[in-house]
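So the structure is just underneath, and the comments pick up after that.
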Amino acid sequence: MDTGVEADGWATRWVEPLADLAAGTTTALVPDVIVTALALGLTHRYVGRTVATDVHGVPVRATVRSVQVRRRRAHLQSRVELAAVDWGGRRVDEVTVVAHGVRVVPGLRTRLSAHRLDVHGTSGVGTVLDWLNTLGHAWVLALDRDGSIRATHRRRRLTALVDVTVTDGVARIELGDARCYGVPVPGRLLPPRDVALPPLPGGAGSVCAAREGHLVRFAMQVPAVSYAFDPLGA
């Protein structure tokens, strides 16, 4: 993880206890005081700053709002709140990431791993529609002034209002007020459709999403991740 932040005295003080531990020390043997020092050090170094890293080879850039670390039996659990996220070119307003089964191998080059990430976030409806319009489907989606979503067929003179929810990676699309050349289309001709979403970056799965006003709230899971970082920023 590269933040471009210079090392300072505080960073030196909180990393020294980690460096003193053997490189093979397991998370279960790390004293609580070291866990606390790790959490405080990460908070001091990263909160309020923009960070960049890779998740399964996909570049991620975001501003860190908060960092929490707590023990969960033999592992740790961390919670990170991010803003202004760019995830492989996809813009997300706010994201909360909860990492489960976190293991720490401390040292000057600290190694972290987690067996699963639970990701929850919000994004503006307009941002989501812009992304959906790049997927090559037959409809162009746009946000009306009254907040409704209108779909216009790329080749035919068809328009319709759209409502979409996503459960376990499958989008349910419901059309209403459909018109062809301005003539209303009977609702029985437009049953709901289930469409599987294309693969998301980083192997994310179990995607769910629902609209709330001008926001889209979503949740997903990312499989095991691991990376190393230099707490001193060297």
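Per-residue Karplus couplings for region 39-45, computed as 6.51 cos²θ - 1.76 cosθ + 1.60 with θ equal to phi - 60°, are listed in order as 4, 5, x, 5, 4, 4, 7 Hz, Gly and Pro entered as x. Between Arg211 and Asp32, how high is the FRET efficiency from 1/(1 + (r/R0)^6) when r is the Cβ-Cβ distance and R₀ = 30 Å? Nearest 0.05. About 0.10, to the nearest 0.05. Fully extending the segment from Arg72 to Asp146, taken as 0.36 nm per residue of separation minus the present Cα-Cα distance, adds 22.0 nm.
Residues in region 158-169 carry Karplus couplings, in order, of 10, 9, 6, 7, 10, 10, 10, 10, 10, 9, 6, x Hz; the curve used is 6.51 cos²θ - 1.76 cosθ + 1.60 with θ = phi - 60°, and Gly or Pro positions show x. Take each peptide in 65-72, 145-152, 112-119, 179-186, count the other Cβ atoms within 10 Å of every residue, and average; sorted highest first, the result is 112-119, 65-72, 145-152, 179-186. Can you figure out the FRET efficiency of Arg91 with Arg179, using R₀ = 30 Å and their beta-carbon distance, to the nearest 0.05? That gives a FRET efficiency of 0.40.
Using a simple spin-label model with pseudo-atoms 7 Å out from Cα toward Cβ, Arg155 and Arg188 lie 2.8 nm apart.
The ranking of His75, His120 from fewest to most other beta carbons within 10 Å of each one's beta carbon is His120, His75.
Here, each number is a calculation from the coordinates, and none is a lab measurement. For clarity, every value in this text was computed on a predicted model and none was experimentally measured. No Cβ is skipped: glycine too gets one built from the backbone with ideal geometry, and neighbour counts run over all protein chains shown.
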